[in-house]
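Report on the following structure.
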Amino acid sequence: SSGINAEYGENHYWARSRLGKSTNHLEKRVIEKQKFQGYLNQLGPVNLLGQKDSLLMDGTQSLLWDLLGWESRYHLSEKPPYSNAELINAVAPSSKVIVVLRDPVERLYSDYLYFNGNMYGPRENRTAMSFDEAVRAELARFVTCLSQNNLRMCCYSSENNPKMRLHLGIYICYIRDWYELFAENMIVITLEDYSKQPLPVLYRIFNFLNVPQMPLAELSDYIKSDSKKNTRSKSDSSKGGMLKNTRKLLQDFYHPYNIELAKYLRDTRFIYRYK
């Protein structure tokens, strides 16, 4: 490959900016629709675009799941009319897809603590107790949705609480859509594996993408730098872990979906064996 560019991490083009939606999923404001050429310009240097052997990378995590607002765009449809996987497959069918998953229980708490601004209210007001209350409220709402609709409808519903994104941890709902189209060109790795042994995971990714491996020294420097970026802030760390009752509640909720995912991918790592 003559050129690899991954500088622009999260573009949110496919799910948001091409539709005139803000890249911040909490903002309701309408923005000017981004043109496809503008998207390409953000993916890589101009001198790489159009070269057959160049590799452009889009690290938008919401690409896996975000169809927010589909009900208003397709008001006569009773189910999501497409998936983002179908969009990518139509435009670039030879794309390679890398999905990184984390224990959904830990993901939800991290999500709650991470975002700034008014997403979950002032940071100082975010506690293990406030998390517990928000979890219970969203669980009740989601269970009600399941009593009236199928799982896929509830996972993609725009009624899901954007401040308590419980549905994002039901990975099987989204993985299935992508795997049906990209099974031969898709790998699913766990954040836990990367955290424990980053080198084997990165080498696996290099082989999957069929790109040259970075020199060990350079790769080690990258890993050290990356680990610092993903360390919880002091203010977040001071809040401690979630309440035991909250953890048990979420583990019981996610466990059946984790098992379903493990069976689908034939990989027991995704069971996330809870004690």
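The values are calculated or read from the model by the stated rules, or taken from the named source; none is laboratory data. Just so it is clear, the structure is predicted and the values come from calculations on it, not from any experiment. Every residue, glycine among them, receives a Cβ derived from its backbone with ideal geometry; neighbour counts consider all protein chains shown. These accessible areas exclude ligands, DNA and RNA; they are computed on the full protein's heavy atoms, side chains included. Shrake-Rupley method; radii C 1.70, N 1.55, O 1.52, S 1.80 Å.
For the stretch 129-156, residues that are aromatic (Phe, Trp, Tyr) and out of contact with any helix residue (DSSP H, G or I) (no Cβ under 8 Å at 6 or more places or on another chain) total 0. In the stretch 179-201, the residues that are without any contact (Cβ under 8 Å) to a residue 60 or more places away in the chain form Cβ pairs under 6 Å with partners that are open to solvent by less than 40 Å² (accessible area, probe 1.4 Å) and among the hydrophobic types (A, V, I, L, M, F, W, C), at six or more places apart or across chains, as follows: Pro198/Ile223; Val201/Ile189.
Looking only at residues in the stretch 165-194 that are under 28 Å from Met214 (Cβ atoms) and touching a Ser or Thr at 6+ places or on another chain (Cβ under 8 Å), the one that is surrounded by the fewest Cβ atoms within 10 Å (Cβ to Cβ) is Asn185. Looking only at the stretch 243-275, count how many residues are open to solvent by less than 80 Å² (accessible area, probe 1.4 Å), at pLDDT 95 or above and assigned to a loop (DSSP other than H, G, I, E, B). Total meeting the criteria: 2.
Here Val201 fulfils each of the conditions (1) within 18 Å of Asp66 (Cβ to Cβ); (2) in a helix (DSSP H, G or I); (3) of a type outside the set (S, T, N, Q) apart from (1).
If you go through the stretch 204-221 one residue at a time, do you hit one that is touching a helix residue (DSSP H, G or I) at 6+ places or on another chain (Cβ under 6 Å) and surrounded by 15 or more Cβ atoms within 10 Å (Cβ to Cβ)? No, the conditions are met nowhere in the stretch 204-221. None of Ile187, Ile175 is outside any helix (DSSP H, G or I) and either at pLDDT 95 or above or aromatic (Phe, Trp, Tyr) (or both) except Ile187.
Suppose we keep only residues that are at pLDDT 95 or above and assigned to a loop (DSSP other than H, G, I, E, B) within the stretch 97-119. Which one would you say is surrounded by the fewest Cβ atoms within 10 Å (Cβ to Cβ)? Step by step, filter the stretch 97-119, then rank; the result is Arg102. Residues in the stretch 157-164: is at least one in a helix (DSSP H, G or I), surrounded by 14 or more Cβ atoms within 10 Å (Cβ to Cβ) and touching a helix residue (DSSP H, G or I) at 6+ places or on another chain (Cβ under 7 Å)? Checked against the condition, which is being in a helix (DSSP H, G or I), surrounded by 14 or more Cβ atoms within 10 Å (Cβ to Cβ) and touching a helix residue (DSSP H, G or I) at 6+ places or on another chain (Cβ under 7 Å), the stretch 157-164 yields no hits at all. Within the stretch 42-96, the residues that satisfy the criterion of being part of a helix (DSSP H, G or I) and either on the phi > 0 side of the Ramachandran plot or at pLDDT below 85 (or both) are Gln42, Leu43.
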